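Q: To start, I am sharing the structure in question, which I have written as C-alpha cells.
Bear in mind that the values in this text are calculations on the coordinates, not laboratory data. Since we're looking at a predicted model, the values are computed, not measured. Virtual Cβ from ideal backbone geometry, glycine too; neighbours counted across all protein chains shown.
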Amino acid sequence: MSATRESSIHGIWTSRWTFILAATGSAVGLGNIWKFPYIAGENGGGAFVLVYLLCVAFIGVPIMMAEVMLGRRGRQSPINVMIEQVKVVRAKKVWRLLGWSGVLAGFLILSYYSVIAGWVLDYVVRMAQGVYQGATAAEVEKSFDQLVADPYELILFHSVFMLMTMVVVAKGVNRGLERAVRILMPALFILLLIMLGYAINSGGFEQGFHFMFDFDFSKLSLDSLLTAMGHAFFTLSLGMGAIMVYGAYMPKNASIAKTTITVAGLDTLVAIVAGLAIFPIVFANGLEPGKGPGLLFVSLPIAFGNMPGGQVFGTLFFLLVTFAAWSSSISLVEPAVAWLIERHNFSRLSASALVGGMVWALGLLTVFSFNLAKDFKPIAGFNMFELLDFLTANLMLPLGGMFIAIFVGWVMRRRAVKDEMSMKSFGLFNLWIATIRIIAPLAVLVVFGFELYGRFGG
Ligand code: TRP
C-alpha cells in the first residue's frame, strides 16, 4: 500500500494558496489570452463559448480533481506515480503509458507554445519602441504577416523563451516562481481590466458581447464541438500530468475540491475577460473575428496604438502575457524533468538542458510552418503547427484526461481515493466519483464520435 507521503523530493508548495497560484499560473496562459479568442472567432462565437464552458464545468473540473489527487497520492513525477499506482492495485501495465504519453504531449505542446510566446516577446519590444503608435488596422496586419514570414526572427524569440522557461525549471519550481506568480497574476488581471475598459468604449462592445454570448447553434459544426472540448483540457492544463505534478507538491491539509474549483474559476474568468476585451476592438476596426492565430497580435496593437498612454500600457500588457505564458510553459516540462531526476539521478540543471534542447528543436517545425513550409500539409490539410495543435489539444489531452478519470474511478481502490480527497460531504464525493466514472469519459467519447461522424459519415 502506498502510504501517504508528506512531501516530495522536489519540494512542496509553502501553502494552499501557493498551490492555487502555481496551478492558476499554469492554467492561465496563451490558451486564455491568445488561443481562446481566436478559436472562438473561428468557430462562430456564442454557441462555441457555451460548449466550452460546459466542458470546463462537467468534464474539466472533475478530471482536474482526479489529476491533483493522483499526484498528491504519489508525490512523484506522473510517470512514477503511474508505475507505483499500477503496482499498488496490480493493474495492467498498459496504464503506465499514461505517464509517458503525458510527457510526449508536454513536449509537443511546448514546442509550438514557445514559438507563439516568442511572438509575444517580439511584441513587447515593438510596443516599447512605439512601432504601432497611430498605426492603421491595415498597417498592423501587414506588420504581423511580415513577422511570421521571417524564420530568423521567430527562431530568435523562440530560443529566448525556451531559455527563460528552462532557467526557471532548472532553479526549481519553489524558488522564484512562487514569488513571481504572486505579483504577476494580479497585475495581469488589472491590465486586462484596463483593456476591457478601453473595449467598452471602443464602439464595438455590443457587437463583441453578442458575438460571445448569443448562443446560435446553427453556427456550431461538429468540428467545433471537439475544438471546444479540447480547449477545455488545454486551458486547464489537463490530461498530460502538469496538474498532476503540481498536485504532487501540494500540502496534505489543502482541500483538493476547493482549490481546484478556484483555479478553474480564475482561468475561466481570464478567458472571458480577454474575449470581451478583444472582440469589441475587432468589430470596431472591421477586422475578421475568424482570422486565426494572429487575432491577438493585430487587434490589441491597434487599440494600444490609438489610445493615450498606449505605448506604456501596450508594453506592459505584452510583458504580462509573456509572464502568463512563462508560468504555464514550465508546467509543460516539469513532469519530464522531475522524472529524469527521480529515475536517472540527473541534476535539475542537466535535466532541464536536455529537455529544453529537445523541445527547442521540435519547435522549428512550428517556426517553418508559418513561412518556409507554409504549404507543407502532410495530413488532413493541416500544416505542422495546426497538426501539432490538433493532435495534442484535440486528441492527446482529452484521451489522457479520459484515461485518468477511468483509472481513478474504476481502477484505484475507492478507499485510497476517498482518503486522499478527504471531502467532508458524502454526497459531493459520490457525485464526483459518478462523474469521473461515467459522465466525463462518456462525454469525451461522445464528442469523439461526433467528430468521426462529421468527418467521415456526414
Ligand atoms: N493551460 C495553459 C494555457 O492555457 C497551457 C498549458 C500549460 C497546458 N500546461 C499545460 C496545456 C498542460 C495542456 C497541458 O496557456
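Q: Taking the Cβ of each residue in 185, 244, 229, 195 as the centre, tally the other Cβ atoms inside 10 Å and list the residues starting with the fewest.
A: The fewest-first ordering by Cβ neighbours comes to 185, 195, 229, 244.
Q: In whole Å, what is the distance between the alpha-carbon centres of segment 411-439 and segment 82-132?
A: 28
Q: Given the pairs 93/418; 87/252; 92/424; 35/418; 92/418; 35/92, which are separated by over 30 angstrom at their Cα positions?
A: 92/424; 35/418; 35/92
Q: Would you kindly calculate the translational diffusion coefficient of segment 264-356, applying Stokes-Einstein with the Kirkwood radius from alpha carbon pairs, for 20 °C and a viscosity of 1.002 mPa s, and quote it in µm² s⁻¹ without decimals?
A: Translational D for this selection: 133 µm²/s.
Q: Using the number of other C-beta atoms within 10 angstrom as an exposure proxy, rank 92, 219 with the fewest first.
A: In increasing order of surrounding Cβ atoms, one gets 92, 219.
Q: Now a separate question. Treating cross-link reach as a plain straight distance, find the aspartates and glutamates whose alpha-carbon is under 19 Å from the alpha-carbon of residue 374, omitting any fewer than eight places away in the same chain.
A: 141, 145, 150, 153, 386, 389
Q: Let me ask something else. Which of the three applies to segment 327-402, rounded, prolate or oblate, going by the alpha-carbon gyration tensor with a ≥ b ≥ c and a/c under 1.5 meaning rounded?
A: Cα axes put segment 327-402 in the oblate bin.
Q: So what's the Cα pair-distance distribution over segment 322-458, bin width 5 Å, in %?
A: Histogramming segment 322-458 at 5 Å steps yields 2, 8, 11, 13, 13, 15, 16, 12, 7, 3, 1, 0 percent.
Q: How many angstrom separate the Cα center of segment 134-212 from the Cα center of segment 20-62?
A: 16
Q: Find, to one decimal place in angstroms, the Kirkwood hydrodynamic radius of the chain, where the mean of 1/r is taken over every pair of different Cα atoms and then inverted.
A: For the chain, inverting the mean 1/r across all distinct Cα pairs yields 22.1 Å.
Q: What list do you get for 270, 94 if you sort them by fewest beta carbons within 10 Å?
A: 94, 270
Q: Another question, then. Take each uninterrupted DSSP H stretch in the chain, measure its Cα extent along the helix axis, and return the ones at 27 Å or beyond whose mean Kyte-Doolittle hydropathy is at least -1.0.
A: Qualifying helices, which must be both long enough and hydrophobic enough, are 97-129, 151-171, 177-200, 256-284, 310-344, 348-369.
Q: May I pose another question? Which loop GluC sites (Glu not before Pro) in segment 381-458, with loop taken from DSSP, have no more than 10 other Cβ atoms within 10 angstrom of their Cβ?
A: Loop-located and lightly packed - none at all.
Q: Kindly provide the helix-only [θ] at 222 nm of the chain, computed as the sum of -39,500 (n - 2.57) over DSSP H runs of four or more divided by all residues, to the nearest 500 deg cm²/dmol?
A: -22500 deg cm²/dmol
Q: Segment 173-232: which chymotrypsin sites (Phe, Trp or Tyr not before Pro) are DSSP loop and have at most 16 other beta-carbon atoms within 10 angstrom?
A: Those satisfying the criteria are 215.
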